[in-house]
Protein chains: 2
Amino acid sequence: MSRQNQTFKAAANQAMDLFSGLEPGCELGTEAELCDRLEISRTTARNVLSHLANLGILEWEGRRKVLLRAPTVADRFPPEDVALPAERAEHQFHEWILRTDLPPNAQIHESELARQLGISVALVRDLLQNFRVSGLVEKNPNKHWTFRGFTRDYALEMCDMRELIEREAMRRLCADPDHPALPRMVEMERLHINLLARDDSAMTEFPALDARFHRLVCSAARNRFYDEFAHRISIIVHYHYQWNKRDETVRNREAIREHLAVIQAVLQGRSDEARDAFDQHLQTARETLLASVNWS
Amino acid sequence: MSRQNQTFKAAANQAMDLFSGLEPGCELGTEAELCDRLEISRTTARNVLSHLANLGILEWEGRRKVLLRAPTVADRFPPEDVALPAERAEHQFHEWILRTDLPPNAQIHESELARQLGISVALVRDLLQNFRVSGLVEKNPNKHWTFRGFTRDYALEMCDMRELIEREAMRRLCADPDHPALPRMVEMERLHINLLARDDSAMTEFPALDARFHRLVCSAARNRFYDEFAHRISIIVHYHYQWNKRDETVRNREAIREHLAVIQAVLQGRSDEARDAFDQHLQTARETLLASVNWS
DNA sequence: TTACGGTTTTTTATAAATAAAATACATTCC
DNA sequence: GGAATGTATTTTATTTATAAAAAACCGTAA
């Protein structure tokens with residue numbers, strides 16, 4: 001089936017967002033302008049213009065482009081049409097491998113998984129190859145893949161690596177009073193205070209904020225290898241949050257407070273305190289993670 | 001063209017190696033036995049037997065398999081036929097990307113590279129995706145790849161990460177007097193002493209030994225993330241050795257001596273000394289690497 | 001009755017095909 | 001003459017096809 005116009009559809013929706021802020025009857029800019037705005041090629045931009053002309057949203061002839069009417073919800077492409085197959089598949093794959101309670105050493109067959117997720121084997125192969133770096137699956141040449149298991153060993157190795165990297169990143173953050181990450185820390189403080197003020201139901205937003213906080217800390221080292229690892233780990237930890245629901249909101253509130261203690265110490269230049277508070281938080285995070293691992 | 005029987009050809013050559021140690025006329029084992037020995041499936045084992053029967057090397061009927069004559073060199077498949085396309089391609093790719101002096105921000109086109117290396121675009125895509133983790137290339141969605149450049153920044157980030165990991169690994173190695181990596185350290189010592197005793201021309205073997213030494217140190221932490229990084233880095237460093245040939249043999253001999261100082265301190269339980277010597281070596285390695293980077 | 005060999009089915013490795021999207025080139029209009 | 005449009009070419013994203021290799025199945029002989 002090759003491609004399914006996702007770039008075009010997403011761009012068309014974006015263009016409609018753009019045009020709905022304008023008055024009907026007004027002249028629209030050049031093709032190149034639209035390309036810059038939507039970050040697409042001229043080919044796609046022209047397809048979008050042609051599509052909107054067909055819908056009667058605008059009139060287009062040569063350089064003259066006039067908006068006829070405001071776009072409606074009915075004109076838009078549905079959200080499930082604009083997601084790229086690769087992105088959708090990645091999400092499905094993560095759901096499957098991190099939520100299905102696969103036993104360690106389980107066999108994973110590309111063809112079987114492709115059928116199960118309703119995607120092509122080539123895509124499954126890409127996903128597994130990429131996920132291999134996370135240390136949870138391995139390839140048996142000419143044969144199937146093996147799930148190594150989210151075991152206690154895995155969790156320990158992951159935590160060790162994380163602590164090694166993030167402690168060093170924190171050290172660098174504290175060492176420079178003009179560190180470029182500090183403005184983003186101010187923003188971080190605001191987000192944490194806001195979330196803490198809301199009620200328990202808002203705690204579902206914590207995992208995403210946690211990932212952002214740790215990625216920000218990692219980015220302070222300005223080392224691409226740190227960032228790469230932070231990204232990998234955030235995927236694993238994100239799913240982990242949904243494994244152990246016991247005392248979840250209590251744990252999350254406590255984690256927010258720990259984050260805040262770190263952030264405020266950093267912002268106020270109390271370096272030793274920041275590092276101690278961060279060590280404390282890493283210890284808590286480790287315990288939380290290990291508590292949710294099967295003791296098999 | 002799909003596959004080209006590489007597994008079969010490699011297995012056939014291996015089988016011939018196996019049989020050349022036997023007397024003509026003797027009975028050969030079962031199919032399953034051959035599978036275990038060559039680590040192949042019965043399908044391939046039977047193809048091998050059938051091939052060798054056609055060549056007149058053995059007689060095969062049902063369970064009776066008799067060796068007729070010793071295999072000759074002419075019977076063997078040439079080495080270029082047994083290498084898997086993926087392996088060959090990876091080697092070619094590494095040669096190309098690490099030896100061609102690409103400027104930072106150079107565009108890399110999958111299709112162009114496929115033509116240049118004489119491999120399929122799908123394979124090029126796989127290679128680039130995998131290499132992305134090394135931090136030297138990045139993808140522009142819907143567009144080309146970009147070579148980020150073996151810059152001073154890259155070298156610094158790589159060294160920082162390496163030192164962080166390897167220092168921690170060394171700490172763990174020293175902390176445990178019964179560490180399972182110690183026997184391999186004894187072997188390492190022997191290899192280093194041997195290489196040091198040989199003449200300058202043998203120094204071409206140093207890069208491989210260096211990679212082994214650092215991988216062994218990493219493995220002491222028994223953490224898959226350390227191992228993964230050590231593997232990535234060894235590829236980059238391997239090629240780096242061929243960039244700066246000035247004073248090469250002198251530098252290599254010095255590095256061997258530094259390795260030996262570390263190994264012997266470790267083996268004799270002088271922990272502090274081992275760590276100091278290792279820090280010293282990491283410092284030298286950093287200087288060597290940085291000296292070879294373009295100052296652009 | 002069980003281990004081995006013959007046969008069939010499933011799965012992987014690789015290449016090729018196809019449409020979308022990007023880019024390069026040619027043309028027109030101010 | 002230069003910037004915008006119209007057209008052609010190249011490149012990427014995705015699916016499908018094919019043969020090799022693995023695995024499962026089944027019968028048979030030691």
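Miscellaneous remarks
- Seen against the Cα atoms of chain A and their longest principal axis, helix A:85-99 is set at about 30 degrees.
- Axis of helix A:42-54 versus longest Cα principal axis of chain A: the two differ by about 60°, to the nearest ten degrees.
- Occluded residues from the range A:212-238, i.e. those whose accessible area drops by 30 Å² or more once the chain is not alone (1.4 Å probe): A:223, A:224, A:225, A:226, A:228
- Helical mean residue ellipticity (222 nm; -39500 (n - 2.57) per DSSP H run of 4+; nearest 500) of chain B: -20000 deg cm²/dmol
- Those residues of the range A:141-163 for which accessible area with every protein chain present is at least 40 Å² below the isolated value (1.4 Å probe): A:142, A:157, A:160, A:161
- Each residue of the range A:279-287 was assigned a 3J(HN,Hα) from its phi angle through the Karplus curve 6.51 cos²θ - 1.76 cosθ + 1.60 (θ = phi - 60°); the sequence is 4, 4, 5, 4, 5, 4, 4, 4, 4 Hz, with glycine and proline shown as x.
- Taking amide H positions as modeled 1.01 Å from N, with prolines and chain starts lacking one, the residues under 5 Å from residue A:65 and 5 or more places away or on another chain are A:28.
- With a 1.4 Å probe rolled over the protein heavy atoms of all chains, the accessible area of B:150, B:213 falls in the order B:150, B:213, largest first.
- Distances between equivalent label points of residue A:101 across the copies, with each point positioned 7 Å along Cα→Cβ, amount to 6.0 nm, shortest listed first.
- Ordering A:151, B:100 by accessible surface, largest first, gives B:100, A:151; the 1.4 Å probe counts only protein heavy atoms, with every chain in place.
- The range A:159-231 and the range B:144-209: distance between their alpha carbon centers, rounded to Å: 32
- Note on residue A:96: accessible area approximately 40 square angstrom, rounded to 10, probe 1.4 Å, nucleic acids and ligands left out.
- Relative contact order for the range B:152-291: 35 percent, from Cα pairs under 8 Å spaced at least 6 residues apart, divided by residue count.
- With its label point put 7 Å out from Cα toward Cβ, residue A:200 sits 7.7 nm from the same residue's point in the other copies, in order from shortest.
- Listed residues A:94, A:196, A:108: farthest to the positive end of the dipole of the protein assembly as shown (Cβ charges): A:108
- Relative contact order (%) - criterion: Cα under 8 Å, at least six apart; region: chain A: 15
- The lysine pair tally for the protein assembly as shown, using Cα distances under 25 Å and a gap of 8 or more places or different chains, is 7.
- Here is how far apart the residue A:152 label points are across copies: 4.9 nm, shortest first, using a point 7 Å from Cα toward Cβ.
- When nucleic acids and ligands are ignored and a 1.4 Å probe is applied, residue A:200 ends up with an accessible area of around 80 Å².
- Probe 1.4 Å, all protein chains present, accessible-area order of B:138, B:61, A:166, B:27, largest first: B:61, B:27, B:138, A:166
- The range B:84-147: relative contact order as a whole-number percent, Cα under 8 Å and 6+ apart: 38
- Around the Cα centre of the protein assembly as shown, unit charges on the Cβ atoms of Lys, Arg, Asp and Glu (plus for the first two, minus for the last two) sum to a dipole of about 960 debye.
- Total accessible area lost when A and B pair, probe 1.4 Å, Å² to nearest 100: 2700
- Residue with peak Gaussian network fluctuation, chain B [Cα springs, cutoff 10 Å], from B:250, B:121, B:262: B:250
- Most mobile of B:131, B:77, B:225 in a GNM of chain B (Cα contacts under 10 Å): B:77
- On the protein assembly as shown, 50 percent of the accessible area sits on carbon and sulfur atoms, based on a 1.4 Å probe.
- The range B:84-147, accessible area per residue, ligands and nucleic acids excluded (1.4 Å, Å²): 53
The values are calculated or read from the model by the stated rules, or taken from the named source; none is laboratory data. Only a predicted model underlies this, so the values are computations on that prediction, with no experimental measurement involved. Glycine also receives a Cβ, built like all others from the backbone with ideal geometry; neighbour counts cover every protein chain displayed. Surface areas here come from the heavy atoms of the whole protein model, side chains and all, with no ligands, DNA or RNA. Shrake-Rupley method; radii C 1.70, N 1.55, O 1.52, S 1.80 Å.
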